[in-house]
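Colleague: To start, I am sharing the structure in question, which I have written as structure tokens.
The values are calculated or read from the model by the stated rules, or taken from the named source; none is laboratory data. Nothing here was measured: the structure is a model prediction, and the numbers come from that model. Cβ placement follows ideal geometry from the backbone for every residue including glycine, while neighbour counts extend to all protein chains displayed. Heavy atoms of the whole protein, side chains included, go into the accessibility calculation; ligands, DNA and RNA do not. Shrake-Rupley method; radii C 1.70, N 1.55, O 1.52, S 1.80 Å.
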Amino acid sequence: MRLILLGPPGAGKGTQAARLEETFGIKQLSTGDMLRAAVAAKTDIGVQCKEIMDAGELVPDEVVVQIISDRVDEPDCRNGFILDGFPRNVAQAEALDRMLSEKSMSLDLVVQLVVDEGALLSRIESRIADNPGAVRSDDNEETLRKRLKIYHDQTEPLLPYYEAQGKLHKVDGMRSIEEVGRDIEKKLREVSGTG
Ligand code: AMP
């Protein structure tokens, strides 16, 4: 099973990806988490990307495409994977399509978590309030607004892109984690023929 979770920052992609990882034994691949690990380890990529990430901007396409290309070849991805935070623009989506076809892989599903943006801002504010010590260096209101704008300008065009491929499934992301999760699982079983 191979799928993409799409949605603006704070929509619950990470939470749902972790659930799917548990339920189906497929691997959550979050480019954001991998880049943060690279920043923490001060690798070349981490050093190159830190400022861009702190500003809420997108790191170069080649960087994330290469990270994902290497990662999906690892043995823990053999049952499949959930892409969380990748692709972020049409160029990345096209690179992903090429990469998967070279590896004789294909995507089963693209899930769009549909959420209310006012509520997103409050979710992130409460994430900051609940856990001030653990706040990400890009978790502040100004950066969040920038990330939302980038989502609208660059990531939303992926919706018609995947709609045209017949892969897009919209899910109301404002319900409970359980309800959203069940909806995604049902669809995934349907499309992957493991229902
Ligand atoms: P995230 O945790 O997915 O919100 O990602 C945190 C930050 O990492 C983003 O604001 C970007 O700076 C960078 N990033 C993560 N994924 C990508 C991607 N697919 N393309 C470009 N930049 C990314």
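Colleague: Within segment 42-59, take every residue that is open to solvent by less than 70 Å² (accessible area, probe 1.4 Å) and without any contact (Cβ under 8 Å) to a residue 12 or more places away in the chain and give me the one that is nearest to the ligand (Cβ to nearest atom).
Modeller: Checking each candidate, the answer is Ile52.
Colleague: Sticking with this one: Just a yes or no: is a residue in segment 173-185 open to solvent by 20 Å² or more (accessible area, probe 1.4 Å), within 15 Å of the chain's Cα centre (by Cα), free of Cβ contacts under 8 Å to residues at least 12 places away in the same chain and on the phi < 0 side of the Ramachandran plot?
Modeller: There is no residue in segment 173-185 that is open to solvent by 20 Å² or more (accessible area, probe 1.4 Å), within 15 Å of the chain's Cα centre (by Cα), free of Cβ contacts under 8 Å to residues at least 12 places away in the same chain and on the phi < 0 side of the Ramachandran plot.
Colleague: Looking at Ser30, Ser69, which one is over 18 Å from Lys167 (Cα atoms), open to solvent by less than 50 Å² (accessible area, probe 1.4 Å) and away from the ligand (no atom under 11 Å from the Cβ)?
Modeller: Only one candidate qualifies: Ser69.
Colleague: Sticking with this one: State yes or no: is Asp108 closer than 15 Å to Ile4 by Cβ, open to solvent by less than 60 Å² (accessible area, probe 1.4 Å), acidic (Asp, Glu) and over 14 Å from the mean Cα position of the chain (by Cα)?
Modeller: Answer is yes for this residue.
Colleague: List pairs: first residue in segment 4-32 and of a type outside the set (A, V, I, L, M, F, W, C), second residue in a loop (DSSP other than H, G, I, E, B) and within 11 Å of the ligand (Cβ to nearest atom) anywhere in the structure, Cβ distance under 6 angstrom, at least six positions apart or on different chains.
Modeller: What qualifies is Lys13/Gly7; Ser30/Gly85; Thr31/Gly85; Thr31/Phe86; Gly32/Gly85.
Colleague: On the given criteria, is Tyr161 in a helix (DSSP H, G or I), in contact with a helix residue (DSSP H, G or I) (Cβ under 6 Å, 6 or more places away or on another chain), crowded, with 17+ Cβ neighbours inside 10 Å and of a type in the set (Phe, Trp, Tyr)?
Modeller: yes
Colleague: Under the condition of being open to solvent by less than 70 Å² (accessible area, probe 1.4 Å) and not aliphatic (A, V, I, L, M), which residue from segment 186-195 is modelled with the highest pLDDT?
Modeller: Of everything passing the filter in segment 186-195, Lys187 is modelled with the highest pLDDT.
Colleague: Is it true that some residue in segment 115-132 is part of a loop (DSSP other than H, G, I, E, B) and buried (at least 18 other Cβ atoms within 10 Å of the Cβ)?
Modeller: Yes - at least one qualifying residue is present in segment 115-132.
Colleague: Go through segment 167-188 and report how many residues are out of contact with any Asp or Glu (no Cβ under 9 Å at 6 or more places or on another chain) and not in a loop (DSSP other than H, G, I, E, B).
Modeller: 10
Colleague: Moving to a separate point now. Would you mind finding the one in Asp70, Asp76 that is among the acidic types (Asp, Glu), in contact (Cβ under 8 Å) with a residue 12 or more places away in the chain and assigned to a helix (DSSP H, G or I)?
Modeller: Just a single option satisfies the conditions, and that option is Asp76.
Colleague: Mind listing just one residue for me: the one in segment 1-23 that is of a type outside the set (Asp, Glu) and open to solvent by 40 Å² or more (accessible area, probe 1.4 Å) and, of those, farthest from Pro75 (Cα to Cα)?
Modeller: Checked segment 1-23; the qualifying residue farthest from Pro75 (Cα to Cα) is Thr15.
Colleague: In segment 72-105, what count of residues is obtained for those that are at positive phi, open to solvent by 50 Å² or more (accessible area, probe 1.4 Å) and under 15 Å from the mean Cα position of the chain (by Cα)?
Modeller: 0
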